[in-house]
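Each remark here refers to the structure printed beneath this line.
The values are calculated or read from the model by the stated rules, or taken from the named source; none is laboratory data. The structure displayed is predicted, hence computed values, not measured ones. Positions of Cβ are generated from backbone atoms using ideal geometry, with glycine treated the same way; all protein chains shown enter the neighbour counts. Note: accessible area is taken over every heavy atom of the protein model, side chains too, but ligands, DNA and RNA are not part of it. Shrake-Rupley method; radii C 1.70, N 1.55, O 1.52, S 1.80 Å.
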Amino acid sequence: MQELLILCFVGAILMLDNAAAFQILVSQPLFASPILGWIGGDATLGFQLGFLLQLIWLSNMPIGAAVVPEGNFGSIAAVILALRLVKNFPQLEYFIIFVVILYGLLGSYVGAKTVTFIRHWNQQYLQRLLLKLKQNNPVQLGWVIFVSLVFNVVVVFVVFIVMTVIMEKGLGLLFPYMPEEINRIGHHAQIAIIGAGLGLTLTLFKGKRYRTLYLIGVLLGGAIIFYDTIG
Amino acid sequence: MTQSDKLEKLSLRDVWAVLWRSFFVQAAWNFKSMISVGFCYALSPIAKKVCKNKEEYIDFLKRHLGFFNAHPYFASYAIGAIARLEQERQLNNKANDETIEKFKNALIGPLGAVGDQCCWAVIRPASLIFGLTGLAFTDNLIWKTGVLLLTLILYNIPHIYIRVQGILDGYRSGFDVYKKIRIDNYQKMIVLFKAVAIIGLGMLVVWNLDQAIRLDWKAILLFTVTMFGAFIMRLKKRMFYTPVLLSMVLAIIVGVL
């Protein structure tokens with residue numbers, strides 16, 4: 001339980017970077033997953049999930065004030081669940097990766113709802129500020145920012161815990177009856193997810209003028225693989 | 001003596017105080033005034049300098065707690081410009097409440113558009129692709145961690161540059177700051193990051209093809225179908241969830257076969 005609390009707390013802190021503070025990239029799955037992996041005692045799984053989840057969400061852009069599916073939220077939730085499940089069912093690791101990626105997609109929807117709730121709640125701070133100013137009382141903006149950040153962390157932390165506990169209990173009932181052969185799905189799922197992720201991301205940089213650069217990338221990648229194979 | 005000579009220049013301490021607070025510009029984001037609370041917080045060191053008494057400070061906050069939105073990094077251009085205009089307002093009323101308000105509203109569009117096009121559409125995905133490529137081609141956990149640190153540096157150099165330059169340029173330019181908020185001014189950076197992204201994507205395609213070849217012929221087919229399928233669905237129909245879910249379904253079918 002203590003590990004779950006730590007993972008959810010760190011996840012909630014990392015989620016601040018998503019929009020509320022800094023935005024230095026650490027909330028992205030590529031960074032958040034290995035961080036959680038190190039804390040949860042399975043850095044390799046963290047890196048693996050970070051790679052897959054990042055590819056899925058790379059093409060999603062938060063344009064303007066739009067509330068988009070919260071890929072970072074879903075990804076962090078997915079990694080927390082994966083770390084918990086793999087510890088209990090190590091024989092199903094590849095299948096668990098497949099399951100948590102689906103769960104991450106669902107989590108992105110929950111994340112969008114959570115962000116909307118927090119943003120509605122933030123309106124209260126604005127109203128209180130305006131009321132105080134109307135009464136000619138000075139306001140401490142630093143305090144308002146601090147409280148809003150703490151509220152953000154608390155809400156996300158609670159949602160992560162609830163989601164993880166429900167899923168862990170539910171899947172914990174199902175997984176003991178799963179044969180190890182089901183891992184085959186997980187192996188192919190990784191290829192499929194990387195394929196879909198690359199397909200989605202390629203739309204960000206499309207156009208005939210980029211052909212030469214793509215060719216350079218393909219040749220460079222091929223050369224590295226060739227060198228590795230020979231070595 | 002020109003007007004700008006009379007302005008009290010921003011000290012390093014002021015720039016640092018504003019820069020630090022600008023990292024929290026979206027902390028109290030809400031649907032009514034968007035980033036205005038964070039914007040006021042970032043401006044507060046300047047406000048405390050400019051306002052002579054409590055009443056003036058309260059007036060300052062009332063003026064700037066109205067609707068305002070911008071890209072979080074590019075908001076620093078508005079912060080710098082408003083800092084200057086507020087000082088000018090105090091000095092000789094060259095800038096008044098109405099012009100400052102109109103000016104702020106006029107900045108919302110360009111700040112959002114340039115920020116999205118520059119940071120969200122190019123610099124961020126390009127940096128992440130750099131990181132993904134690094135992870136794909138390294139096996140050692142230490143190397144992987146090193147790649148992530150490099151990615152963090154690669155992304156945050158332009159990020160911090162935009163924030164600092166925004167405050168300084170905004171303060172120097174005042175009303176003329178709109179001349180600085182043009183996508184052309186970031187073209188060199190965008191071209192460089194696009195090149196990193198595209199070369200990285202090319203490398204990733206080859207890497208995953210190699211992984212599929214090592215598995216079996218079904219995996220090669222699966223990779224090809226999911227990549228082209230997702231590309232076409234995203235391009236033609238702006239779909240996101242469907243291609244990912246379809247790829248999972250295909251993975252189940254291939255896994256069972």
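Values for this structure:
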{"read-out": "Whichever aspartates and glutamates have a C-alpha closer than 17 Å to that of residue A:208, once near sequence neighbours (fewer than 8 apart) are set aside", "value": "none"}
{"read-out": "Given charges at Cβ of Lys, Arg, Asp, Glu: the protein assembly as shown dipole, positive-most of A:216, B:74, A:97", "value": "B:74"}
{"read-out": "Buried solvent-accessible surface, both chains (A, B), 1.4 Å probe, Å² to nearest 100", "value": "8200 Å²"}
{"read-out": "Sulfur and carbon atoms: percent of accessible area, the range B:45-123 [1.4 Å]", "value": "53 percent"}
{"read-out": "In degrees, nearest ten, helix A:71-88 long axis to first principal axis of chain A (Cα)", "value": "60 degrees"}
{"read-out": "Proximal aspartates and glutamates to residue A:169, defined as alpha-carbon separation beneath 18 angstrom and excluding residues fewer than eight positions away on the same chain", "value": "A:3, A:93"}
{"read-out": "0 to 90° range, to nearest 10: angle between helix A:29-40 axis and chain A longest Cα axis", "value": "90 degrees"}
{"read-out": "Anisotropy class of the range B:86-244 from Cα gyration tensor, a/c 1.5 cut", "value": "prolate"}
{"read-out": "Shape call, the protein assembly as shown: gyration tensor on alpha carbons, a/c limit 1.5", "value": "prolate"}
{"read-out": "Whole-number accessible area per residue in Å² for the range B:1-79, which is evaluated in the context of all protein chains at 1.4 Å", "value": "40 Å²"}
{"read-out": "Solvent-accessible area lost in complex, 50 Å² minimum, residues of the range B:15-39 relative to chain alone, 1.4 Å", "value": "B:23, B:24, B:26, B:27, B:29, B:31, B:32, B:37"}
{"read-out": "Chain B: angle of helix B:141-173 to the longest principal axis, Cα-based, in degrees nearest 10", "value": "30 degrees"}
{"read-out": "Protection-proxy order for peptides A:7-16, A:38-47, each taking the mean of Cβ atoms within 10 Å per residue, highest first", "value": "A:7-16, A:38-47"}
{"read-out": "Calculated FRET efficiency for the pair residue B:215/residue A:2, C-beta based, R₀ 41 Å, to 0.05", "value": "0.60"}
{"read-out": "Within the accessible area of the range A:177-231 (1.4 Å probe), percent carbon and sulfur", "value": "65 percent"}
{"read-out": "Rule-of-thumb Rg ratio for the range B:1-140 [Cα; 2.2 N^0.38 Å; N residues]", "value": "1.26"}
{"read-out": "Solvent-accessible area lost in complex, 50 Å² minimum, residues of the range A:176-212 relative to chain alone, 1.4 Å", "value": "A:184, A:185, A:188, A:191, A:192, A:196, A:198, A:200, A:202, A:203, A:205"}
{"read-out": "Calculated FRET value between residue A:93 and residue A:226, using beta carbons and R₀ = 30 Å, to 0.05", "value": "0.50"}
{"read-out": "Most positive-pole-ward Cα, A:170, A:186, A:200, against dipole of the range A:157-219 from beta carbon charges", "value": "A:200"}
{"read-out": "Solvent-accessible area, 1.4 Å probe, carbon plus sulfur percent, for the range A:1-125", "value": "68 percent"}
{"read-out": "Percent RCO, i.e. relative contact order, over chain A, from Cα pairs under 8 Å lying at least 6 residues apart", "value": "25 percent"}
{"read-out": "Cross-link reach list, lysines versus residue B:102, counting only Cα pairs under 19 Å and skipping chain neighbours closer than eight places", "value": "B:32, B:62, B:94, B:179, B:180"}
{"read-out": "The range B:182-196 residues near the modelled residue A:212 label - backbone nitrogen below 20 Å, point 7 Å along Cα→Cβ", "value": "B:187-196"}
{"read-out": "Top of B:181, B:199, B:46 by mean-square fluctuation, Gaussian network on chain B, Cα under 10 Å", "value": "B:199"}
{"read-out": "Contact order relative to length of the range B:158-244, as percent, for alpha carbon pairs under 8 angstrom and 6 or more apart", "value": "12 percent"}
{"read-out": "Gaussian network model of chain A, Cα within-10 Å springs - most flexible of A:152, A:136, A:88", "value": "A:136"}
{"read-out": "GNM top mover of A:81, A:202, A:130 - chain A, alpha-carbon springs below 10 Å", "value": "A:130"}
{"read-out": "Accessible area per residue, Å², the range A:88-231 with all protein chains present, probe 1.4 Å", "value": "52 Å²"}
